[in-house]
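Input: a single structure, listed below in structure tokens.
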Amino acid sequence: MNRVLSVLLPSLLLAACGQQAQVPSAPASEAPSAGTIRAQATGYWVSGTYSNAYGARYYRLWVPAGYDGATARPMMVMLHGCTQDGYDFAAGTRMNTIADARNFLVLYPEQGTAYNGYDCWNWFYDVNQHRGSGEPSLIAGMISWVKSNYRVDSARVGVAGLSAGAAMANIMGCTYPDHIRKVAASAGIMYRGATTASGATSTQSSGSIYDPNERGTSCSNEMGSARRVIPTLLFHGTSDSTVSITNTHQTAAQWAQANDLAYDGLDDGDIDNTADATVTGTACRSYTRYDYKNSVTGATVLQKYVISGLGHAWSGGSTAGSYSDPCGPDASTLVANFFGF
Ligand SMILES: [Ca+2]
Ligand SMILES: [Ca+2]
């Protein structure tokens with residue numbers, strides 16, 4: 001209930017002060033003609049609640065400026081970190097600005113403090129680590145809802161997350177590869193990196209006690225008949241004191257194994273956890289990017305950015321949102337590029 005109040009209160013206060021002009025108008029009235037859309041070059045929010053047997057969650061959908069309902073567009077699913085919500089994550093990542101420029105939908109599922117005191121996705125409970133269950137089923141349900149109400153290019157749907165949202169992004173890739181074709185995880189934790197709340201705390205600080213190779217096999221098994229290669233993009237700062245970078249190294253190994261199995265059904269190392277190329281660069285912060293390729297096709301399946309001096313934050317974002325660092329490689333653009341949006 002606190003969540004409902006916190007969402008409603010700002011509008012009520014504004015209305016009470018006679019400042020209705022500052023309250024965003026309803027989406028329907030913001031859907032102008034195509035010509036007007038180009039003139040203002042900004043999209044609009046659609047908010048709602050999705051519920052199933054596992055509960056209810058808010059979602060915020062950004063409909064980009066150029067969306068016309070006639071052409072199927074890609075969709076980015078953005079999973080916020082602890083203490084964040086969809087609006088905050090949008091502001092900190094500037095993803096909607098890129099969405100307007102490139103014409104893709106952005107879906108922000110929201111957790112809420114009713115379900116976790118710090119507003120974190122509960123990635124560390126078994127109920128939330130399987131298809132058709134818990135929080136992944138709620139997020140997948142939202143994706144299905146958008147697909148049935150908007151023109152979405154199903155072959156271009158990707159999920160990106162920060163911290164607990166990144167841990168959940170990895171889960172979504174393993175549990176719903178029919179929906180999710182690519183994953184981006186910033187300061188995240190591998191699939192089933194922890195299975196208890198106390199395990200989550202120790203995993204955050206020093207890495208998972210579980211074998212990433214086994215978790216990759218577990219991820220592949222979870223995919224079942226929907227098994228497919230899920231190209232994955234990873235980011236982690238060397239000065240992150242909240243989530244150990246060990247977790248991102250483990251995540252790379254987990255996805256290398258899941259994708260090794262998904263590619264041809266064989267655990268034969270055509271995709272493995274040894275980088276095939278290393279690129280260094282500077283974009284405000286210096287970074288090293290590790291590329292992992294399919295040795296048969298040469299396709300890049302994984303990329304891992306290790307960013308010097310970045311803390312627990314989205315790289316290259318905006319201080320208009322929390323947990324965002326304006327310096328460093330522009331993670332939002334890199335994600336959109338990697339997803340082919
Ligand atoms: Ca293989
Ligand atoms: Ca292998």
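The values are calculated or read from the model by the stated rules, or taken from the named source; none is laboratory data. If you're wondering where the values come from, they're calculated on a predicted model, not measured in any experiment. Cβ: placed from backbone, ideal geometry, glycine included. Neighbour counts: every protein chain shown.
Being over 14 Å from Ala256 (Cα atoms) and not hydroxyl-bearing (Ser, Thr, Tyr) is the filter; apply it to the range 276-295 and report the residue that is farthest from ligand 2 (Cβ to nearest atom). Per the stated criteria, the residue is Cys284.
With respect to Ser163, determine if the residue is more than 12 Å from the chain's Cα centre (by Cα) and among the hydroxyl-bearing types (Ser, Thr, Tyr). No. Assessment of the range 125-143 against the conditions (farther than 23 Å from Ala194 by Cα, assigned by TED's automatic domain parsing to the domain that holds Asp240 and polar (S, T, N, Q)) yields no matching residue. Highlighted here are the helices (runs of 4 or more DSSP H) found entirely within the range 33-142 that include at least 1 residues which are surrounded by fewer than 22 Cβ atoms within 10 Å (Cβ to Cβ), among the aliphatic types (A, V, I, L, M) and touching a residue at least 60 places away in the same chain (Cβ under 8 Å): 86-93, 95-102. Cβ-Cβ distances below 6 Å connect the following pairs, each with a first residue in the range 207-226 that is basic (Lys, Arg), a second residue that is assigned to a loop (DSSP other than H, G, I, E, B), and a separation of six or more residues or different chains: Arg215/Met190; Arg215/Tyr191; Arg215/Arg192. The set of residues in the range 85-127 being out of contact with any strand residue (DSSP E or B) (no Cβ under 6 Å at 6 or more places or on another chain) and small (Gly, Ala, Ser) consists of Ala90, Ala91, Ala101, Gly112, Ala114, Gly117.
Between residues in the range 240-265 that are within 11 Å of Ser208 (Cβ to Cβ) and residues that are within 11 Å of ligand 2 (Cβ to nearest atom) and modelled with pLDDT of 95 or more, which pairs lie under 7 Å by C-beta distance while being six or more apart or on different chains? Cβ pairs passing all conditions: Gln250/Pro212; Ala253/Pro212; Ala253/Asn213; Ala253/Gly216; Ala253/Asn273; Gln254/Pro212; Gln254/Gly216. Of all the residues in the range 253-294, those that are surrounded by fewer than 16 Cβ atoms within 10 Å (Cβ to Cβ) and among the polar types (S, T, N, Q) number 6.
Return yes or no: is Met168 surrounded by 22 or more Cβ atoms within 10 Å (Cβ to Cβ), in contact (Cβ under 8 Å) with a residue 60 or more places away in the chain and within 21 Å of Gly237 (Cα to Cα)?
The answer is yes for Met168.
Being part of a loop (DSSP other than H, G, I, E, B) and within 28 Å of Asp268 (Cβ to Cβ) is a property that holds for Thr297.
The set of residues in the range 47-82 that are within 15 Å of Ala99 (Cβ to Cβ) and among the basic types (Lys, Arg) comprises Arg60, Arg73. Among the residues making up the range 195-220, a single one is crowded, with 23+ Cβ neighbours inside 10 Å and closer than 21 Å to Leu138 by Cβ: Cys219. Scanning the range 248-275 for residues that are assigned to a loop (DSSP other than H, G, I, E, B) and near ligand 2 (Cβ under 10 Å from one of its atoms) yields Leu266, Asp267, Asp268, Gly269, Asp270, Ile271, Asp272, Asn273.
Evaluation of Ala160 against the conditions (1) farther than 26 Å from Gly237 by Cα; (2) assigned to a strand (DSSP E or B) shows that the sole unmet condition is (1).
Restricting attention to the range 50-76, the residues that are β-branched (Val, Ile, Thr) and either at pLDDT below 95 or within 16 Å of Ile143 (Cα to Cα) (or both) add up to 1.
Go over the candidates Thr242, Thr297, Thr274 one by one and state the one that is under 20 Å from Thr217 (Cβ atoms), more than 16 Å from the chain's Cα centre (by Cα) and among the β-branched types (Val, Ile, Thr). The match here is Thr274. Screening the range 242-300 for residues that are touching a Pro at 6+ places or on another chain (Cβ under 8 Å) and among the hydroxyl-bearing types (Ser, Thr, Tyr) and picking the one that is nearest to ligand 1 (Cβ to nearest atom) gives Thr300.
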